[in-house]
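What follows is calculated from the coordinates using simple rules that are stated; it is not laboratory data. Model, not experiment: these values are computed from the prediction. Glycine also receives a Cβ, built like all others from the backbone with ideal geometry; neighbour counts cover every protein chain displayed.
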Amino acid sequence: MTLDFDHATLTINKNIYGHFAEHLGRCIYDGIWVGPDSDIPNINGYRKDILEALKELNIPVLRWPGGCFADTYHWKDGVGPVENRPKIKNYFWGGVIEDNSFGTHEFLNLCEILGADPYVSVNVGSGTVEEMVEWIEYMTSDEDVPMANWRRENGREDPWDVKFLGIGNESWGCGGEMRPEYYSDLLRRYSLYANLYGQRKFKRIGCGANGTDYNWTDVVMSRAARHMDALSVHYYTIATGNWGNKSSATDFGEELYFSALKHSLHMDELISKHSAIMDKYDPQKRIPLMVDEWGIWTDPEPGSTPGFLYQQNSMRDALIAATTFDIFHKHCDRVQMANIAQMVNVLQAMILTKDDQMVLTPTYHIFNMYKVHQNATYIPVMLKCEDYKFGNETIPALSGTASQKDGKINISLSNLNPNESKTIEVDLEGAKVKNVTNAVILTAPQINSVNTFENPDVVKPEHFSDFRLKKEKLSVTLPPHSIVTLEIQ
Ligand code: AHR
């Protein structure tokens, strides 16, 4: 592996380490919010244990209220005295009753507690421009206007600092079943009013493609590039490649381990192709690409409520997270935000909860190990390595990334091969480094090892020492299915 210090000019936007919390299953309710009267230890209704664990990750940005839920959400249901808030049906996710006890105040206050920028997804599918404009005024105005005054009546004097506004979610699907031509016109219209006639400077994020739907990107860019500040894309890893039969989060062998990694590495090609289309209309790269939903989506845990998308999280998921970050870094000229789906108890979650217990997942540990790369200068890497072969297929056995900040170089390396250790020689020529000052490894007994409420520390970061730094040559030996992060000064 060689590090190209001469071309280390771009920054890894911290927002690549963003999160997503939807009114879906037990993400918000139970996972984050239990209400102030709960027996579960809480701070003004937010679970204390979850807040502490999330603060550790330096979460830069949090997307809410969905997902598919966003295009059914009417924000006025979620403000004012809790006892007066209507109970509605959550049509997309399990048909459960949503009591709206977690609404705008609860979300934006959570962002303030976490130090995260709010990313609010507005309802384009079943809402109106008027509803959006009123919501914006409610959240962000400090003037003597009706919605800001209503906010004050509801207990919040100062406006919140909302930076990101999503103009619809999956408008090609659950957000309205639209064609890209029709959506482009709506994007232009909503975007105009979103900035309150030029007085508000949100980053307005246009709804992007479903995975490899490159036509969507082409049409929306060609018709509405001037009317957005970013474009999104959603891509989920399905181990089988078959949405109808996704396979278990825990009960898998090497075949599904391999194919999940292969599908997740597809993110590289996907970003390259969407970026190339965006380059046609935006060669200056004014419009970033936001991968605002990503992660592995498996079958739900047996016995969990259908529609709640509750899944366990294994060593395989940790490798998916690490290698996906490596890809995002590589594309940091265009990719400026990503939001893993989702934060707690849903899909590839950071944390799982059961009553008053919580467990940190292998994915959580990767977010923690990789946070050193947030807002650091990306060092382009060249990695030549053997392939990891399974059957007739191959993927690179290794993945890696590097960045520098505050006089330190941080290198993260993954060994995807579950059967063999790998030694990587890293050429640090020109770096003038002396010591490895911190080294951490995440590995596990098995590729499908998980953390459970009974055994929460099966997959957890450990001190790592299997490396040698001699002059400007670093040699690192990675055990099978492992991820290492090294800090060098
Ligand atoms: O993250 C779960 C769902 O996946 C979201 O609600 C939707 O946007 C996507 O299809």
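Any of 87/371; 203/371; 262/460; 408/471; 14/246; 246/273 with alpha carbons more than 27 Å apart? Name them for me.
The pairs that break the limit, which is 27 Å between Cα atoms, are 87/371; 14/246.
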If amide H atoms are modeled at 1.01 Å from N in the peptide plane, then the residues at a separation of 5 or more from residue 482, or on another chain, having amide H under 5 Å from its own are 415
What ranking do 113-122, 52-61, 433-442 get when scored by the average of other Cβ atoms within 10 Å per residue, highest first? 113-122, 52-61, 433-442
In whole angstrom, note down how far apart the Cα centers of the range 353-370 and the range 194-247 are. 28
Mind listing the long-range amide H neighbours of residue 299? Cut-off is under 5 Å, sequence gap 5 or more, other chains count too, H placed in the peptide plane at 1.01 Å from N. 246, 247, 248, 249
So what J values fall out for the range 363-376 if you push phi through Karplus, 6.51 cos²θ - 1.76 cosθ + 1.60 with θ = phi - 60°, rounded to Hz, Gly and Pro as x? 5, 3, 5, 5, 4, 6, 5, 8, 5, 4, 7, 5, 6, 8
Which of 337, 363, 253, positive extreme of dipole for the chain (C-beta unit charges): 337
Ranked on Cβ counts within 10 Å of their own Cβ, fewest leading, 453, 107 go 453, 107
Antiparallel DSSP beta bridges within the range 60-218, percent to nearest 5: 15
For the range 354-489, rounded, prolate or oblate, judged on the Cα gyration tensor with a ≥ b ≥ c (square roots of eigenvalues), a/c < 1.5 rounded, else prolate if a/b > b/c? oblate
So what's the angle, to the nearest 10 degrees on a 0 to 90 scale, between helix 214-224 and the longest Cα principal axis of the chain? 50
Rounded if a/c is under 1.5, else prolate if a/b beats b/c, else oblate: with a ≥ b ≥ c from the C-alpha gyration tensor eigenvalues square-rooted, which is the range 392-464? oblate
Whole-Hz ³J(HN,Hα) for each residue in the range 75-84, computed from phi via Karplus 6.51 cos²θ - 1.76 cosθ + 1.60 with θ = phi - 60°, x for glycine and proline: what do you get? 4, 5, 5, x, 10, x, x, 4, 5, 9
Which of the peptides 13-24, 315-326 is most tightly packed, and how do the rest follow, going by the mean number of other Cβ atoms within 10 Å of each residue? 315-326, 13-24
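Give the relative contact order (percent, whole number) for the chain; include only Cα pairs under 8 Å separated by 6+ residues.
17
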Extent along principal axes [Cα atoms of the chain; Å; largest to smallest]: 67, 52, 43
Angle between the chain longest axis and helix 267-281 axis [Cα atoms, degrees, rounded to 10]: 60
If one computes the Cα centroid of the range 432-489 and of the range 1-61, what distance in Å separates the two points? 23
Under 5 Å from the placed amide H of residue 33, counting only residues 5+ away or on other chains, we find 47
Whether the range 105-194 is rounded, prolate or oblate, judged on the alpha carbon gyration tensor where a/c under 1.5 counts as rounded: prolate
What does the highest-first list of 239-245, 473-479, 394-400 look like by mean Cβ count within 10 Å? 394-400, 473-479, 239-245
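For the range 325-405, what does the relative contact order come out to in percent, with C-alpha contacts under 8 Å and a separation of six or more?
Reported relative contact order: 23 percent.
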How large is ³J(HN,Hα), in whole Hz, for each residue of the range 121-131 in order, when computed from phi with the Karplus curve 6.51 cos²θ - 1.76 cosθ + 1.60 and θ = phi - 60°, using x for Gly and Pro? 9, 8, 7, 9, x, 10, x, 9, 4, 4, 4
For the chain, list the cysteines whose Cβ sits under 4.7 Å from no other cysteine Cβ? 27, 111, 207, 332, 385
Treating only Lys and Arg (+1) and Asp and Glu (-1) as charged, each at its beta carbon, one finds that the chain has a dipole about its Cα centre, in Debye to the nearest 20, of 1220
Relative to the longest principal axis of the C-alpha atoms of the chain, give the angle of the C-alpha long axis of helix 104-114, reported between 0 and 90° and rounded to the nearest 10°. 30
Take every DSSP beta bridge whose two residues both sit in the chain, then give the antiparallel share in percent to the nearest 5. 60
To the nearest 20 debye, what is the magnitude of the charge dipole of the range 151-229 about its Cα centre, counting +1 on the Cβ of each Lys and Arg and -1 on the Cβ of each Asp and Glu? 360
